[in-house]
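Colleague: What follows is a structure written as structure tokens; I'll ask about it next.
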Amino acid sequence: MAVTREKKTQMLANYAELIQKSQALFITHYGGLNMKDLDKVRSQIRNSQGEFHVTKNTLLRRALQEVGYDVPEAWLKGPTSVSFCFADPAAVAKALNELTKELEKLRVVGGVLAGKALSQEQVVALASLPSLETLRAQIIGMITAPASQLVGVLNAAVGGVVYALQAKVDKAQSAEASAA
């Protein structure tokens, strides 16, 4: 079934809008996957705050060029799909990486992060990073650790002074009691 020029224009605008809203995108080849598998991929990507779209290569190429992204021609040959990342690129990359292990016919070919093309190996490396929430927690922990240690040191110093004063008071009381 042929796609009308109007429909193509609408799809091109939709792709361009999704690309601009995305923090990253990952291009995959999905040849041979059935609808059940594609729905599973869509669900996993959606759970990672992204969207998975089966695309028309020529329209996707034009949309990428409109936005100023340059990707290798080989990435846009054959049955192509794109995962758009709206929140955490590492989470979407991790979901795709897990899905490629489970679904042999799904293959990541590359991606774009911050306007720069990523190879398949770089996408896999991104997938190995901890999630954004985990990184934030680690940074907060590193920031608060010195303050916690300082509080502990100060409490120990104050405690030492209090113990020394208490020992002096106890010694003075025992000296008074023995003198009386």
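Only the coordinates and a few stated rules stand behind these numbers; no lab work does. Here the structure is a predicted model, which is why all the values come from computation and not from measurement. Using ideal geometry, Cβ is built from the backbone for each residue, glycine included, and neighbour counts are taken over all protein chains shown.
Colleague: Once you have the Cα-Cα distance between GLU66 and ALA145, take 0.36 nm times their residue separation minus that, and quote the gain in nm to one decimal.
Modeller: 23.8 nm
Colleague: Under a straight-distance cross-link criterion of Cα-Cα below 19 Å, which aspartates and glutamates are reachable from LYS40, leaving out those fewer than 8 residues away in the same chain?
Modeller: Correct list for LYS40: GLU51, GLU98, GLU102, GLU104.
Colleague: Continuing with the same structure: Please state the charge dipole magnitude for the chain, taken about the Cα centre, from unit charges on C-beta atoms (+1 on K and R, -1 on D and E), reported in debye and rounded to the nearest 20.
Modeller: Charge dipole, the chain, about its Cα centre: 620 debye, nearest 20.
Colleague: Another question, if that's okay. Which aspartates and glutamates does LYS116 reach when only Cα atoms under 13 Å apart count, and residues fewer than 8 places away in its own chain are ignored?
Modeller: Filter leaves ASP70.
Colleague: Could you derive backbone 3J(HN,Hα) for segment 99-112 from the dihedral phi with the Karplus parameters 6.51, -1.76 and 1.60 (θ = phi - 60°), listing whole Hz in sequence and x where the residue is Gly or Pro?
Modeller: For segment 99-112, the Karplus curve yields 5, 5, 6, 7, 10, 4, 7, 8, 9, 6, 10, x, x, 9 Hz.
Colleague: Taking Cα atoms of segment 16-117, Rg/Rh with Kirkwood Rh, to two decimals?
Modeller: Looking at segment 16-117, the ratio lands at 0.93.
Colleague: Here's a follow-up. Starting from segment 17-58, pick out the chymotrypsin sites (Phe, Trp or Tyr not before Pro) whose DSSP state is loop and whose Cβ has at most 10 other Cβ atoms within 10 Å.
Modeller: Taking segment 17-58 and a limit of 10 other Cβ atoms within 10 Å, no loop chymotrypsin sites (Phe, Trp or Tyr not before Pro) are found.
Colleague: Here's something else I'd like to know. With all pairs of different alpha carbon atoms counted, what Kirkwood hydrodynamic radius in Å does the chain show?
Modeller: After inverting the mean inverse Cα-Cα distance, the result is 20.0 Å.
Colleague: Here is a follow-up. What GluC sites (Glu not before Pro) in segment 80-151 are in a loop by DSSP, with at most 13 other Cβ atoms within 10 Å of the Cβ?
Modeller: Passing both the DSSP loop test and the Cβ count: GLU104.
Colleague: Under the Karplus relation 6.51 cos²θ - 1.76 cosθ + 1.60, θ = phi - 60°, what is the ordered set of whole-Hz ³J(HN,Hα) values for segment 18-23, x standing for Gly and Pro?
Modeller: Along segment 18-23, the couplings run 4, 5, 5, 6, 7, 7 Hz.
Colleague: Within segment 92-149, report the trypsin sites (Lys or Arg not before Pro) that DSSP leaves as loop and that have at most 15 other Cβ atoms within 10 Å.
Modeller: When the trypsin sites (Lys or Arg not before Pro) of segment 92-149 are filtered for loop state and at most 15 Cβ neighbours within 10 Å, LYS105 remain.
Colleague: A follow-up question, please. Quick check for me: using +1 on Lys/Arg Cβ and -1 on Asp/Glu Cβ, what's the dipole size of segment 100-180 about its Cα centre, in debye to the nearest 20?
Modeller: That gives a dipole near 240 debye.
Colleague: Using only Cα atoms, what Kirkwood radius does segment 139-180 have, in angstroms?
Modeller: Hydrodynamic radius (Kirkwood, Cα only) of segment 139-180 equals 12.7 Å.
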